[in-house]
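Participant: First the structure, which I've put down as structure tokens, then a few questions once you've had a look.
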Amino acid sequence: MDPHAEPGATSYDDRELPRYSIGEAADRSGLSRDTLRWYERIGLMNYIGRDHAGKRRFSDRDLEWLELIARLRLTGMPVADMIRYAELVRAGEQTFPARLAMFRQTRADVLDKIAELQKTVAVLDYKIAVYEGRSEVVRPDTAHTSEGT
């Protein structure tokens, strides 16, 4: 079973063919070559295939995995938790409940961050209105602001 497979995925397809050098994978993923090597070294990536010269060759499936990892990084998920997720994926379908729990918790954390950012935008909008001299300015309930700053 492919360690990056999602529930219901086929066992092998063209996405698993090694196609891209580390430079091409770096360009496509927006990550540095060093980051790709580090991800493999720490177990965040499954084993990356090698060509006849021993150079890494990344598949489309590997790039899809890197896209997921990039999204998880944006959530603020710690690298250790991402590694744990990768381990759960490699362990197989019996870990679906644990993976589901991780994603539910991460989603809740992201929604909390979004709410906090919305409060921050309200404060910024208030400050912009103050500096623009608008008379209809209403102080947001979300934070303490000072008109003198």
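Any read-out appearing in this document is the output of simple, stated calculations on the displayed coordinates, not a laboratory observation. It should be emphasised that the depicted structure is a prediction, and the values quoted were computed from it without experimental measurement. A quick note on method: Cβ atoms are made from the backbone with ideal geometry, for glycine too, and the neighbour counts reach across all protein chains shown.
Participant: Checking PRO97 against (1) within 29 Å of PRO18 (Cα to Cα); (2) loosely packed, with under 11 Cβ neighbours inside 10 Å, which test does it fail?
Facilitator: (1)
Participant: Filter region 45-56 down to the residues that are crowded, with 18+ Cβ neighbours inside 10 Å and charged (D, E, K, R) and list them by number.
Facilitator: ARG56
Participant: Right, next: Within region 120-137, how many residues are assigned to a helix (DSSP H, G or I) and surrounded by 14 or more Cβ atoms within 10 Å (Cβ to Cβ)? Break it down stepwise before answering.
Facilitator: If we filter region 120-137 for residues that are assigned to a helix (DSSP H, G or I), which is where we start, we get 120-132.
With the extra rule that they be surrounded by 14 or more Cβ atoms within 10 Å (Cβ to Cβ), the set shrinks to 122-123, 126-127, 129-130.
Count: 6.
Participant: Within region 51-80, can you find the residues that are more than 16 Å from THR106 (Cα to Cα) and free of Cβ contacts under 8 Å to residues at least 24 places away in the same chain?
Facilitator: Those that are more than 16 Å from THR106 (Cα to Cα) and free of Cβ contacts under 8 Å to residues at least 24 places away in the same chain: HIS52, ALA53, GLY54.
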